[in-house]
1. Sort through Arg101, Arg56, Arg61, Arg105 and tell me the only one that's under 27 Å from Phe146 (Cβ atoms) and in contact with a strand residue (DSSP E or B) (Cβ under 7 Å, 6 or more places away or on another chain).
2. Within region 174-189, track down each residue that is among the aliphatic types (A, V, I, L, M) and either part of a loop (DSSP other than H, G, I, E, B) or touching a helix residue (DSSP H, G or I) at 6+ places or on another chain (Cβ under 7 Å) (or both).
3. Tell me yes or no: at least one residue of region 56-71 is part of a helix (DSSP H, G or I), of a type in the set (Gly, Ala, Ser) and more than 20 Å from Ile140 (Cα to Cα).
4. Quick check on my filter: what residues within region 142-194 are more than 21 Å from Thr88 (Cβ to Cβ) and exposed (fewer than 10 other Cβ atoms within 10 Å of the Cβ)?
5. Assess whether Arg133 counts as being modelled with pLDDT of 95 or more, in contact with a helix residue (DSSP H, G or I) (Cβ under 9 Å, 6 or more places away or on another chain) and not in a loop (DSSP other than H, G, I, E, B).
Amino acid sequence: MPHTIDTAAKGPDAVTEDGEEGWVELGSSAELRELLGEPWPIVIEKVHDRLADQDRDIIARSPFCLLATSDSRGNCDVSPRGDTAGFTHVIDSGTLALPDRPGNRRGDSFHNILDNPHAGLLYLIPGSKEVLRVNGRARILTDAPFFDAMTVKGQRPTLALVLEIDEIYLHCPASLRRSGVWDPESWLTGPTAG
């Protein structure tokens, strides 16, 4: 059960249901909108449901994406996916396919998709500030004619995630800029790196 409190009624000295003294938890969508303000129209207008040329270009250049899924109870998972640039197969302007490559064999994302088809992809290109978000409904295939096009080094995938696109848009690159993720001088190395 989420531990929300009515922040307007409780105030900054409130104690949450779990006893976190001094924590002021957001209590409603209305309160969130008041804090954030209204989104700029361009942010809303850039959302579309079919791949544009710029989207296709980013997907073709991207060697890496993050796949977000959740099970039927809302337990979330984010899993990295990657291969050589262009590893995602574009089936048509509303459908993508990601080949499954050998990994840890846990299959967390696949198990989640079997429970709940909603999934999100976040495409990144190393060194670039372009971030492409794709949300949709996923299913898992064990074979299809396009599997041949996803063969790499003689290895044809045995599974593929197919995503029917609900929405796609370029995401604000501010977090990449602030984090310095592509700047080697910001990278931790040696014993302090973890």
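The values are calculated or read from the model by the stated rules, or taken from the named source; none is laboratory data. What you see is a predicted model, and the numbers here were worked out from it, not measured in a lab. Counting neighbours? That spans all protein chains shown, and the Cβs are built from the backbone with ideal geometry, glycine included.
1. Details: Arg101 fails: in contact with a strand residue (DSSP E or B) (Cβ under 7 Å, 6 or more places away or on another chain); Arg61 fails: in contact with a strand residue (DSSP E or B) (Cβ under 7 Å, 6 or more places away or on another chain); Arg105 fails: in contact with a strand residue (DSSP E or B) (Cβ under 7 Å, 6 or more places away or on another chain).
Being under 27 Å from Phe146 (Cβ atoms) and in contact with a strand residue (DSSP E or B) (Cβ under 7 Å, 6 or more places away or on another chain) holds for just one of Arg101, Arg56, Arg61, Arg105, which is Arg56.
2. Taking region 174-189 and keeping what is among the aliphatic types (A, V, I, L, M), we get 174, 176, 181, 188.
Those that are among the aliphatic types (A, V, I, L, M) and either part of a loop (DSSP other than H, G, I, E, B) or touching a helix residue (DSSP H, G or I) at 6+ places or on another chain (Cβ under 7 Å) (or both): Val181, Leu188.
3. Within region 56-71 (the criterion being part of a helix (DSSP H, G or I), of a type in the set (Gly, Ala, Ser) and more than 20 Å from Ile140 (Cα to Cα)), the answer is yes, since at least one residue qualifies.
4. Arg178, Pro184, Glu185, Ser186, Leu188, Thr189, Gly190, Pro191, Thr192, Ala193, Gly194
5. Values: modelled with pLDDT of 95 or more: yes; in contact with a helix residue (DSSP H, G or I) (Cβ under 9 Å, 6 or more places away or on another chain): no; not in a loop (DSSP other than H, G, I, E, B): yes.
When the stated conditions are applied, Arg133 does not pass them.
Listed here are the residues, each with its yes/no results for (1) surrounded by fewer than 15 Cβ atoms within 10 Å (Cβ to Cβ); (2) without any contact (Cβ under 8 Å) to a residue 24 or more places away in the chain.
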site	(1), (2)
Pro39	yes, yes
Thr84	yes, no
Thr88	no, no
Leu98	no, no
Asp115	yes, no
